[in-house]
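To start, the structure itself, in C-alpha cells.
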Amino acid sequence: MHRKSSFMFTTRKGGDMNNSVFEPIEHKIMAPAKIFVTGMESSHYHWHYDYELVVLLKGKLQVLCGPSPMLMEAGDIFLVNSKMVHGYRGVQDNLCLFIQFPTTIFERIAGKEQLLYFYLNSVRKQFPPKGGFERLRKAACKAGLTIYGEEPEAYLVQNASFYELMAELAASVQFDIRRYPGYADSPAEGQLVAEIGAYIDANCDQKNLTECISRHFGISEKSLYRYAKSFLGISPKEMIDTARVEKAKALLRLSRKPITMIGGECGFTNEATFYRVFKKETGITPKEYRNGGGIGPVEKVVQGYLNFDKREAETLMHSYAEC
C-alpha cells in the first residue's frame, strides 16, 4: 500500500544557478523522456527537476545520495527523485542506462502542485516493488533498446516502451505524495550542499579549504559536516579528497607535468598524502593511472561520461530485457 505524506521543499528565489549545480534536462521533440547509455567516471554534485532512473548494465558505480554512499553493481536499479542532490563515481569499468523524465508524467496521480517521491533502490532493498526489481529492470532495458531505432516510427516505439515503464513504476513501486518544491528567500539545504560541492570543485587546490567554505557560505564547520553527511552520506573532508583526486586524474591524463607537481596543484600538502588518498579513491597509484590504469578518456567532462562500446551496451540491455 502506498504511503501518503506531505513535505515542503524550498529553493532560491530568482538569480542564476551554476550549471555544475543545477542540471537542465532537455527532451527531444515528441519524446517524453531522455534515454541514453554511457560509461560513467564521475559527476559533480548536482540536482534537476526531472526524475532519473539508473540501471547499471555492468561494472560498479558509487552513488553519493542520501544518508550514506551506496555501491551499485551490475543489474541494480535506482531512482533519483526530483531535486535530490546526488553525484556518481565509477568504481570500475561500467555501463549505465539513464532514463530522465519530468514530474508532470504523474500529475494526475499526485494532484496539483504535488509530486510523487518514489522508493526504488535495489541496493538497499528497503521497499521492494511488487513483482520484484527484475520486472522494472526489464521494462527499463526494453525502453533503453528503443534508442537504436532508425525507422520513421521509432519515436512511437520509444514512447510506447517508456509509458509501459511508467505504468509499471506507478503500479509497483512504493511512493509518497509530497508538496511540490516551493520558493522562499533562503536557499534549500540541498541546494546549498550542491553549491558547496561546486565551490569545492573550483577551489580544491586551496589549503584549509574547510575553513574557506565556512567563511564563504557563512556557516559553521559543524553545520557544514551535518549538511554533507545528511545529503551525500560523506564528510566535507571526503568531498574535498574526491574533488582533488578527480582534478589530479584529469591532469594525469591530459598533461605531462611531474606527478609531484600535480599533487601540489590539486591541494595535497605532500607526495605521500597524494599517493595515499589517490590510491584509496581509485585503487591504483597516480603513476599506474597515468600509465594506463585509468578507465578511459573522458568524453564529456562536466557529467563525467566516458566512451563505450555501443554493441556491448545493446547486448547487455537485450540480456536484461529477455531474462
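Here are some notes:
- Test: residue in the stretch 97-104 that is in the same structural domain as His48 (by TED's automatic domain parsing) and assigned to a loop (DSSP other than H, G, I, E, B): yes
- Criterion applied to Arg244, Arg256, Arg178 was being assigned to a strand (DSSP E or B) and not aromatic (Phe, Trp, Tyr), and the one residue passing it is Arg178.
- Residue within the stretch 290-307 that is at negative phi, in contact with a Pro (Cβ under 8 Å, 6 or more places away or on another chain), modelled with pLDDT under 95 and surrounded by 14 or more Cβ atoms within 10 Å (Cβ to Cβ) present: yes
- Residue in the stretch 137-148 that is of a type in the set (Phe, Trp, Tyr) and within 19 Å of Thr103 (Cβ to Cβ) present: no
- Of all residues making up the stretch 264-284, the number that are surrounded by 13 or more Cβ atoms within 10 Å (Cβ to Cβ) and within 24 Å of Gln62 (Cα to Cα): 13
- Across the stretch 107-145, the qualifying residues are those that are out of contact with any strand residue (DSSP E or B) (no Cβ under 7 Å at 6 or more places or on another chain) and within 18 Å of Val37 (Cβ to Cβ), and the one among them that is surrounded by the most Cβ atoms within 10 Å (Cβ to Cβ) is Ala139.
- Within the stretch 198-210, residues that are assigned to a helix (DSSP H, G or I) have Cβ atoms under 7 Å from residues that are of a type in the set (Asp, Glu) in these pairs: Thr210/Glu221, counting only partners at least 6 apart in sequence or on another chain.
- Which listed residue is hydroxyl-bearing (Ser, Thr, Tyr) and modelled with pLDDT under 90, from Thr210, Thr282: Thr282
- Residue check, Arg89 touching a residue at least 60 places away in the same chain (Cβ under 8 Å) and closer than 26 Å to Glu314 by Cα: yes
- For the stretch 44-95, a residue qualifies if it is more than 17 Å from Gly190 (Cα to Cα) and part of a loop (DSSP other than H, G, I, E, B), and the qualifying residues are Gly59, Ala74, Gly75, Asp76, Val91, Gln92, Asp93, Asn94.
- The criterion of being aliphatic (A, V, I, L, M), surrounded by 15 or more Cβ atoms within 10 Å (Cβ to Cβ) and closer than 20 Å to Gly267 by Cα does not hold for Ile219.
- Ile219 being among the hydrophobic types (A, V, I, L, M, F, W, C), over 20 Å from the mean Cα position of the chain (by Cα) and either under 24 Å from Pro69 (Cβ atoms) or not assigned by TED's automatic domain parsing to the domain that holds Ile77 (or both): yes
- Meets criteria (modelled with pLDDT under 95 and either in the same structural domain as Ala139 (by TED's automatic domain parsing) or over 30 Å from Ala248 (Cβ atoms) (or both)) for Val173: no
- Some residue of the stretch 110-120 being assigned by TED's automatic domain parsing to the domain that holds Ser68 and in a helix (DSSP H, G or I): yes
The values are calculated or read from the model by the stated rules, or taken from the named source; none is laboratory data. The model shown is predicted, which means the values in this text are computed figures rather than measured ones. Quick reminder, even Gly has a Cβ in these numbers, built from the backbone with ideal geometry, and neighbours come from all protein chains shown.
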